[in-house]
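As structure tokens, the structure follows; a few thoughts come after it.
The values are calculated or read from the model by the stated rules, or taken from the named source; none is laboratory data. A quick note: this is a predicted structure, and the numbers were derived from the prediction, not measured. We place every Cβ from the backbone using ideal geometry, glycine too, and count neighbours over all the protein chains shown.
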Amino acid sequence: MTGLSPTEEQRLLADAVSRLLGDHYDFAARRRHAAAPEGWSRDIWARFADLGLLGLPFAEADGGFGGGGMDLLVVMEAFGRALVLEPYLASVVLAGGAVRRAGDAAQRAAILPRIAAGRLVMGFAHAEPAARHRLRHVETGAHRDGSAWRLNGAKTLVLNGDSAEMLVVSARLSGMAEDPDGLGLFLLDPAAQGVSRRGYTLLYGSRACELGLDDARADAALGAPGGAGPVIAQVIDEAIAALAAEAVGAMAAAQALTIEHLKTRRQFGRPIGQNQALQHKAVDMLIALEQARSMALLAAFRSGPAAWREVAAAKVQIGTAARLIGEGAVQLHGGIGMTEEYAVGHYLRRLMVIEQLFGDTACHLGRLAG
């Protein structure tokens, strides 16, 4: 991207993703994918791999394409418009991001090309029931067992964790629950003895799981055990930036559906969009969308440890705009807006989940104020 304008390659990427989703991911197809046992489509996942999307953020030396934050923004915004259910955030951005940042050369070579080719789906298990959006709060413990590690504890809201074939799990080697140091990241086979998973469906149709660890054996750590705190923070900030882009796509789609409804829905012999109060509401939604888009661009444009302020500010703006646009879209549609058969209510649900993931608006306001 040159400045904040997309490059030719990014425009081609956006066109390719939009074309793929337009051909294979309409709202009816999405409902079929959600009803599948895993809650998403392996066929669509293979198409993502063929298009190079699953290797987009990985270095070329690791079997990827060396894409940056702006490339990820293009993909995630298109995913938001289509309400994509596939585990891109969980497998590529979160777990893949942890391996990319913390793994040694052998681990990257063994894992990242398989993710890029669609042959390995991963999950990232960090949040815990008592954490309440506190990033450093980790009670799950890890101790050595010869050349391996034993993990004990519980993780919550592991996105797409019930279908993951490998997990990256955070655990504490030393210190109290909220100490910034003493954290490690571990590669865990979810089929290992001592691992339990309870899957469930989230509000907007995607899936997650609760993870129990009872002396579960992890064969390897990512990076230096005890020094994973900064890696976890950067991976989650990158995920927040990706979610901001996805939210912009969802908000844009909800706003477009609303404008179309205002033009075509008639009452008393004229389109309801001629009502000035409804016009003002639609304008407020458009302004909020453009403000959110600007902050999503800023979060994607910045990277590294120093970018946390921009990421937190984007999360605040996205959360505020998501509520205004999502609720406004449903309100302006009336009763049809909350039916299962109509998409706009699903956009509201997705936006409400995005507002909560990795810290809600109040959490990130506090992060900025502190």
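Based on this model, can you work out whether Ala282 counts as over 20 Å from Leu94 (Cβ atoms), part of a helix (DSSP H, G or I) and aliphatic (A, V, I, L, M)?
Here the answer is yes, as Ala282 does meet what is asked.
With (1) over 30 Å from Arg349 (Cβ atoms); (2) at pLDDT below 95; (3) not aliphatic (A, V, I, L, M) as the list, and Phe186 as the residue in question, which single condition is left unmet?
The one condition Phe186 does not meet is (2).
In region 300-320, how many residues are in contact (Cβ under 8 Å) with a residue 60 or more places away in the chain, farther than 16 Å from Asp360 by Cβ and in a helix (DSSP H, G or I)?
5
Determine whether Ser170 is of a type in the set (Ser, Thr, Tyr) and surrounded by 14 or more Cβ atoms within 10 Å (Cβ to Cβ).
So Ser170 passes the test.
I'd like to verify a number: residues in region 198-214 that are crowded, with 19+ Cβ neighbours inside 10 Å and over 21 Å from the mean Cα position of the chain (by Cα), how many?
Taking region 198-214 first, the residues crowded, with 19+ Cβ neighbours inside 10 Å are 204-209, 211, 213.
Applying the additional criterion that residues be over 21 Å from the mean Cα position of the chain (by Cα) yields 213.
Here the count works out to 1.
Checking the conditions here, which among Leu73, Leu54 is under 24 Å from Cys209 (Cα atoms), crowded, with 23+ Cβ neighbours inside 10 Å and out of contact with any strand residue (DSSP E or B) (no Cβ under 7 Å at 6 or more places or on another chain)? Working first, answer last.
On the way: Leu73 fails: under 24 Å from Cys209 (Cα atoms).
After ruling out the rest, the residue left standing is Leu54.
Pick out, from region 1-110, the helices (runs of 4 or more DSSP H) lying fully within it that include 2 or more residues that are touching a Leu at 6+ places or on another chain (Cβ under 8 Å) and closer than 30 Å to Val231 by Cβ. Walk me through it before giving the result.
Working: elements: 8-24, 27-35, 42-51, 69-82, 96-102.
The helices (runs of 4 or more DSSP H) meeting that bar are 42-51, 69-82, 96-102.
Being β-branched (Val, Ile, Thr), surrounded by 18 or more Cβ atoms within 10 Å (Cβ to Cβ) and closer than 30 Å to Asp71 by Cβ is the requirement here; does Val195 meet it? First the steps, then the outcome.
Numbers: β-branched (Val, Ile, Thr): yes; surrounded by 18 or more Cβ atoms within 10 Å (Cβ to Cβ): yes; closer than 30 Å to Asp71 by Cβ: no.
So Val195 does not fit the description; no.
Name, by its number, the condition in (1) touching a helix residue (DSSP H, G or I) at 6+ places or on another chain (Cβ under 9 Å); (2) surrounded by 20 or more Cβ atoms within 10 Å (Cβ to Cβ); (3) outside any strand (DSSP E or B); (4) of a type in the set (A, V, I, L, M, F, W, C) that does not hold for Ala127.
(1)
Does region 140-156 include one or more residues that are in contact (Cβ under 8 Å) with a residue 24 or more places away in the chain, in contact with a Cys (Cβ under 7 Å, 6 or more places away or on another chain), crowded, with 18+ Cβ neighbours inside 10 Å and within 30 Å of Ala296 (Cβ to Cβ)?
No, region 140-156 contains no residue that is in contact (Cβ under 8 Å) with a residue 24 or more places away in the chain, in contact with a Cys (Cβ under 7 Å, 6 or more places away or on another chain), crowded, with 18+ Cβ neighbours inside 10 Å and within 30 Å of Ala296 (Cβ to Cβ).
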